Amino acid sequence: MNSSIVQLLASEKLNGDNYAAWKSNLNTILVVNDLIFVLADECPQTPASNANRTSRKAYDRWVKANEKARFYILASMTDVLTKKHESLTTAKEIIDALKAMFGQPEWSLRHEAIKYIYTKRMNEGTSIKEHVLDMMMHFNIAEVNGGAIDEANQVSFILESFSKSFIPFQTNVSLNKIEFNLTTLLNKLQRFQTLTIGKLFLEKAFRMRDHSQGWNRRDGLS
């Protein structure tokens, strides 16, 4: 299991109160790893001894994908939930059981996600990467529950959610009518935050130096 998957699994372990966010993370993992089909497709019949290669290949693919998806699902839950569901043999059975326990109606999940997107505001000092990924997770929750938001509007919502330190970035985008996709936007924002933090650090260092020199002059040390 690669490190990015480990981080995703660890970042939002299902505990009962975070079902929507957990499901969004899990869907991302299953889609990226080409495993999502096991939640929709039934397991093919076990091939007969004289079955053709295509039938065997389809069966083997499903079995391997189900094993991997099942492992990811069980690994992304608290120990109590893992023990409760580890006897189930397919990923779909586990997901169906969890949905029955924690799932909310689609309209409710959609409403909560969209409300979050409209009202979310970044706290000063927050990592811009964490903030944008959090917004993207809620875009995904809205989409899987029937409230898809196109990429242009996703970018707009993100731009409107920033803290005051990003006003220069927002102003530049607005005045120059710059258009971004989500990937480019995140890269530009990370660079802007890095440069801004570096500039603030230098300004603080200069102020401390000037303050120190001022005290030295008053004390006759320079």
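Taking a cut-off of 25 Å between Cα atoms, list the lysines near residue 177, but don't count ones fewer than 8 places away on the same chain.
Correct list for residue 177: 120, 129, 164, 188.
Which three semi-axes in whole Å describe the equivalent ellipsoid of segment 3-102, each the square root of 5 times a Cα gyration tensor eigenvalue, listed largest first?
Taking √(5λ) for each Cα gyration eigenvalue gives 27, 14, 11 Å.
Only one of the listed values, [x] 19.5; [y] 10.9; [z] 14.9, was derived from the coordinates as mean projected area of the Cα convex hull in nm²; which label is it?
Working out mean projected area of the Cα convex hull in nm² from the coordinates points to [x].
By per-residue mean of other Cβ atoms within 10 Å, what is the highest-first order of 63-72, 171-180, 121-130?
63-72, 121-130, 171-180
Relative contact order of the chain: what whole-number percent is it, with Cα pairs under 8 angstrom and at least 6 residues apart?
Worked out over the chain, it gives 17 percent.
On a straight-distance basis, which lysines could pair with residue 13 in a cross-link, Cα separation under 16 angstrom, same-chain partners fewer than 8 positions away excluded?
Straight-line reach from residue 13, under 16 Å: 23, 83, 84, 99.
Values quoted throughout were computed directly from the atomic coordinates according to the rules given, and no laboratory measurement underlies them. Just so it is clear, the structure is predicted and the values come from calculations on it, not from any experiment. FYI the Cβ positions are ideal-geometry reconstructions off the backbone, even for glycines, and counts take in every protein chain you see.
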